[in-house]
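The values are calculated or read from the model by the stated rules, or taken from the named source; none is laboratory data. Remember, it's a predicted structure, so these values are computed and weren't measured experimentally. Cβ placement follows ideal geometry from the backbone for every residue including glycine, while neighbour counts extend to all protein chains displayed. Heads up: the accessible areas ignore ligands, DNA and RNA and are worked out on the full protein's heavy atoms, side chains in. Shrake-Rupley method; radii C 1.70, N 1.55, O 1.52, S 1.80 Å.
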Amino acid sequence: MNIDKVRELDHRFLFQNYGRQDICFDHGEREFLYDLSGRRFLDLVAGIAVNSLGYSHPAIVRAVCEQAGRLMHVSNLYLIKEQAEAAEALASIAPPPLEASMFCNSGAEANEAALKLAVKATGRGRVVSTRNSFHGRTSMTLSATGQPKYQSGFEPLLPRAFDFIDYGSVEQLKAAVTRDTAAIICEPIQGEGGIIAAGEEFFRTARDLCDERGALFIVDEVQTGMGRTGRWFGFQHYNVVPDIVTLAKALGNGFPIGACLTSRDIAATFKPGMHGTTFGGNPLACTVARTVIETMRREKLVERSAELGDRWAQELRSLSMHGGKITDVRGKGLMIGLEMGEEAKRFQEAALKASILVNVCGGHVIRMVPPLIVSEASVKELNDVLRSFLGA
Ligand SMILES: Cc1ncc(COP(=O)(O)O)c(C=O)c1O
């Protein structure tokens, strides 16, 4: 099938709820995607921070094929060996007391579970969230998302009150958390919001306030988790341990899976039947997640994300001195944002012409979240295109 036919079927049979680029991929290998005509693209988007091991990683392909041939799905009515193993693997990368997992199928579902858990555990109804955040598209997570552009037209949002504060504002945080607050939810680095870090003081204050006022601290690691920022979890940059952590995206390297991770004590809030999902934690998804963790360990990809990301950010900073088009280089590890104002869209187009995929987030920030296996040669390829765009 050629791209014209795909476009025709798409327009005829699919909801038009995505602003899609007119490209269609056929297959991928490492950090490269190939379109239907065989053109190669360097992919610095990675399915939006999903494909951390790149495309067609042999360990993942093997795990999927072997497990698919053995057992893909059984109900959570039964003990599931692969689920137990994936949970053990997650506990092995998380700091104590985060050792109890509940699996689901997406980031929104992981946050939905986290919010329900916090409300149930505390018996309180209010949640503090941050402006410019992104937590998902279900009713509850959309209500928690601090961006009117996503909420508009879906009002009234949930009656449960979400109190929004400026991301990073310690003063507003102190004022917002009360004895009615069930939880604070926030990202360590806002991804959709434009690659903006909360800062250690904000995280420390959130931790202290939760302890003091009996609320739970939920950290949304859907985008930042699994080594993206150079640590297994973004919160590890701030030296605090949250009460509840949510994961998805890179946990399955493209196979849909999400997780809500907490202490055994907090997890015990949910009694049998209080929360669940049919597909969540099925043997296939869990085998992939366990294999992702093992492979990342074996290939030292968290360390690579930290080391290569730092080096790349430094190079980008020195490039940004030229031409005045880049006003800031942000991020941690291989989660990099280039603040470019009006120029962001133009650079995205220039990169595409050079067969490089980058993404624009927060309206004016070039987001680069490549596979963590991205090669030095690919980094140089991007830098060269950026250099000529900047006229450096
Ligand atoms: C920080 C964060 N939380 C939650 C979500 C929602 O995840 P999903 O699209 O898998 O529901 C996203 C998706 O981009 C995200 O970046």
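Count the DSSP beta bridges whose two residues both fall in the chain, then state the antiparallel fraction as a percent rounded to the nearest 5. Intermediate results must be reported in sequence, preceding the final value.
Details: 31 of 48 bridges.
Antiparallel bridges: around 65 percent, rounded to the nearest 5.
Per residue, the range 245-352 exposes 43 Å² of solvent-accessible protein surface, assessed with a 1.4 angstrom probe and all protein chains in place. Taking only the alpha carbons of the chain, we obtain Rg and Dmax values of 20.8, 62 Å in that order. Under a 5 Å amide H cut-off, with hydrogens placed 1.01 Å from N, Asn359 pairs with Arg367 among residues at least 5 apart or on other chains. Converting phi to 3J(HN,Hα) with the Karplus coefficients 6.51, -1.76 and 1.60 and the offset θ = phi - 60°, the range 29-39 yields 8, 6, 9, 10, 10, 10, 7, 4, 8, x, 5 Hz in sequence order, with x at every glycine or proline. Summarising the label geometry, the points placed 7 Å from Cα in the beta-carbon direction at Ile3 and Thr138 lie 3.7 nm from one another. The ratio of the alpha-carbon radius of gyration of the range 192-339 to the globular-protein estimate 2.2 N^0.38 Å is 1.21.
Of the trypsin sites (Lys or Arg not before Pro) in the range 129-189, which ones lie in a loop per DSSP and count no more than 16 other C-beta atoms within 10 Å?
Working: sites: Arg131, Arg137, Lys149, Arg160, Lys174, Arg179; in loops: Arg137, Arg160, Arg179.
Those satisfying the criteria are Arg137, Arg160, Arg179.
Rolling a 1.4 Å probe over the heavy atoms of the protein chains gives the range 1-73 an accessible area of 65 Å² per residue. Taking the chain as a Gaussian network of alpha-carbon nodes connected by springs under 10 Å, the highest mean-square fluctuation of the residues Phe134, Phe25, Phe255 belongs to Phe25.
Suppose every K and R has +1 on its Cβ and every D and E has -1 on its Cβ; what is the size of the dipole of the range 1-142 about the Cα centre, in Debye to the nearest 20? Present the calculation step by step, with values, prior to reporting the outcome.
Details: 16 positive and 16 negative charges, 118 e Å.
Here the range 1-142 has a charge dipole of around 560 debye.
Put simply, the amide H of Ala161, placed in the peptide plane, has neighbours under 5 Å in Val127, leaving out anything fewer than 5 places away on its chain.
Taking amide hydrogens as placed 1.01 Å from N in the peptide plane, the amide H of Ala354 sits under 5 Å from that of no residue at least 5 positions away in sequence or on another chain. Of the cross-linked pairs Lys5/Lys345; Lys116/Lys345; Lys325/Lys380; Lys116/Lys149; Lys149/Lys300; Lys5/Lys332, those separated by over 31 Å at the C-alpha level are Lys116/Lys345; Lys149/Lys300; Lys5/Lys332.
Rounded, prolate or oblate: pick one for the range 158-212, where a ≥ b ≥ c are the square roots of the eigenvalues of its C-alpha gyration tensor, a/c under 1.5 means rounded, and failing that, prolate if a/b is larger than b/c, else oblate. Verdict is oblate for the range 158-212. For the pair Glu201 and Asp22 in one chain, pulling the backbone fully straight at 0.36 nm per residue adds 60.1 nm over the alpha carbon distance.
Based on the alpha-carbon gyration tensor of the range 184-268 and its eigenvalue square roots a ≥ b ≥ c, which shape applies: rounded if a/c is under 1.5, prolate if not and a/b is larger than b/c, or oblate? All intermediate terms of the calculation are to be shown ahead of the outcome.
Working: a/c = 2.14, a/b = 1.25, b/c = 1.71.
Since a/c reaches 1.5 but b/c is at least a/b, the shape of the range 184-268 is classed as oblate.
Mind checking the per residue accessible area of the range 155-200 for me, 1.4 Å probe, whole number of Å²? Before the final figure, lay out the partial values.
Numbers: 1860 Å² over 46 residues.
Ligands and nucleic acids excluded, the result is 40 Å² per residue.
Would you mind telling me the share, in percent, of accessible area of the range 233-315 contributed by carbon and sulfur at probe 1.4 angstrom? Numbers along the way, then the final one.
Values: 1660 of 3230 Å².
Of the solvent-accessible surface of the range 233-315, carbon and sulfur hold 51 percent.
Just the protein heavy atoms count here, and of the accessible area of the range 13-105 at 1.4 Å, carbon and sulfur take up 58 percent.
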